[in-house]
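J.: Could you have a look at this structure, given as structure tokens, before my questions?
A short reminder: the numbers here are calculations on the coordinates, not readings from a lab. Bear in mind the structure is a predicted one, so any value in this text is a computation, not a measurement. Methodologically, a virtual Cβ is constructed for each residue, glycine included, from the backbone with ideal geometry; neighbour enumeration extends over all protein chains shown.
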Amino acid sequence: MKALQIEGAANGSAQVGTDGLSLTAAARTDWFFHPAGETRRANVIRAVMTVDEVVFTLSAKVSVDFRRAFDAGSLFVQVDEDNWAKLAFELSGAGEPTVVSVITRGTSDDADGPSLPGDAVWLRVHGNGDTLAFHFSVDGRHWRFLRWFTLPGLARRPLRVGVATQAPTGEGCSARFSEFSLDYQPIVDLRNGS
């Protein structure tokens with residue numbers, strides 16, 4: 001797999017090991033452009049690589065040390081500063097670990113998916129030309145479809161992809177990313193669990 005470059009080190013810390021990556025977010029860190037324009041925050045610590053291939057799939061097991069609402073670890077795809085998307089394992093406002101997707105086209109569209117027990121889930125981002133698909137898994141084998149969408153400029157390459165950690169309301173959050181996979185095979189059926 002390509003090397004990940006750490007960005008936003010002023011907003012947290014990173015520890016790279018032989019079996020994964022841990023990112024610890026500082027207090028009040030977030031990557032979210034409020035739909036009504038009230039805030040525009042992009043101060044997360046993240047690990048980034050570029051993808052030149054038309055078809056790619058990035059997946060990882062994401063374990064989060066949840067403490068406060070909206071603590072999260074996420075996978076992301078970024079076209080440019082205004083157009084990006086993240087798939088997060090996040091502590092909801094109701095205090096439940098939840099799969100969350102944020103699609104940003106100038107402003108962010110935030111949608112909660114299912115709540116899941118525990119502190120870990122597998123997340124997957126699949127890109128194919130000018131579309132992206134988000135999936136999640138509780139066992140790393142059977143994938144549940146969450147969302148299929150596009151972003152302005154998504155068909156251009158290279159894209160920036162990677163992982164990030166946030167703590168918008170708390171004093172910090174740690175997330176561990178392991179079982180990384182990056183491959184370049186198309187997913188033929190986005191909805192059948194493969």
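J.: Set Lys and Arg Cβ to +1 and Asp and Glu Cβ to -1, take the dipole of the chain about its Cα centre, and tell me which of Ala155, Gly17, Ala72 lies farthest positive.
T.: Ala155
J.: From the phi of every residue in the stretch 163-171, what ³J(HN,Hα) in whole Hz does the Karplus formula 6.51 cos²θ - 1.76 cosθ + 1.60 yield, where θ is phi - 60° and glycine or proline is x?
T.: With the stated coefficients, the stretch 163-171 comes to 10, 8, 9, 9, 8, x, 10, x, 8 Hz.
J.: Along the charge dipole of the chain, which of Gly172, Ser63, Val125 sits closest to the positive end, that is, farthest toward it, with unit charges on the beta carbon of Lys, Arg, Asp and Glu (+1, +1, -1, -1)?
T.: The residue sitting most towards the positive pole is Val125.
J.: If you don't mind, another one. Roughly how many nanometres apart are two label points built 7 Å out from the Cα toward the Cβ at Thr107 and Arg28?
T.: With each label point 7 Å from Cα toward Cβ, the separation is 2.4 nm.
J.: Please state, rounded to one decimal and in Å, the Kirkwood hydrodynamic radius that the stretch 36-87 gives when every pair of distinct Cα atoms enters the mean of 1/r.
T.: Final number for the Kirkwood radius of the stretch 36-87 is 13.6 Å.
J.: Given R₀ = 30 Å, what would the calculated FRET efficiency be for Arg191 paired with Glu38, taking r from the Cβ atoms and rounding to 0.05?
T.: The calculated FRET efficiency here is 0.25.
J.: What is the extension gain from Arg156 to Glu53, computed as 0.36 nm multiplied by their sequence separation minus the C-alpha to C-alpha distance, in nm to one decimal?
T.: Value of the extension gain: 36.1 nm.
J.: Follow-up question, since we're still on this one. Is the stretch 1-90 best put as rounded, prolate or oblate by its Cα gyration tensor, with a ≥ b ≥ c the root eigenvalues, rounded for a/c under 1.5, and otherwise prolate when a/b is larger than b/c, oblate when not?
T.: Oblate is the answer for the stretch 1-90, as a/c is 1.5 or above yet b/c matches or exceeds a/b.
J.: While we're on this one: Most fluctuating residue of Phe177, Phe145, Phe66 in a GNM of the chain with Cα springs under 10 Å: which is it?
T.: Largest GNM mean-square fluctuation: Phe145.
J.: Additional query: What distance in nm lies between label points placed 7 Å from Cα along the C-beta direction at Arg67 and Asn128?
T.: 4.1 nm
J.: Could you work out which residue, out of Glu38, Glu179, Glu81, moves most in a Gaussian network model of the chain, that is, has the largest mean-square fluctuation with Cα springs under 10 Å?
T.: Sorting by GNM fluctuation, first place goes to Glu38.
J.: Between (1) -0.22, -0.34, -1.26, -1.62; (2) -0.29, -0.44, -1.33, -1.59; (3) -0.23, -0.37, -1.39, -1.80, which matches log10 I(q)/I(0) by the Debye sum over Cα atoms at q = 0.08, 0.10, 0.18, 0.20 Å⁻¹ calculated for the structure shown?
T.: (1)
J.: I need to check one value: relative contact order of the chain, counting alpha carbon pairs closer than 8 Å and at least 6 residues apart, in percent.
T.: Here the relative contact order equals 31 percent.
J.: For Ala10 and Asp183, FRET efficiency with R0 = 35 Å and r from the beta-carbon atoms, rounded to 0.05?
T.: The calculated FRET efficiency here is 0.60.
J.: Output ³J(HN,Hα) for the stretch 87-101: one whole-Hz value per residue in order, computed from phi by the Karplus curve 6.51 cos²θ - 1.76 cosθ + 1.60 with θ = phi - 60°, and x for Gly and Pro.
T.: Whole-Hz 3J(HN,Hα) from phi for the stretch 87-101: 10, 10, 9, 9, 7, 5, x, 8, x, 10, x, 9, 7, 10, 10.
J.: Using a Gaussian network for the chain with springs between C-alpha atoms less than 10 Å apart, which of these wobbles most: Leu182, Leu87, Leu58?
T.: Leu182
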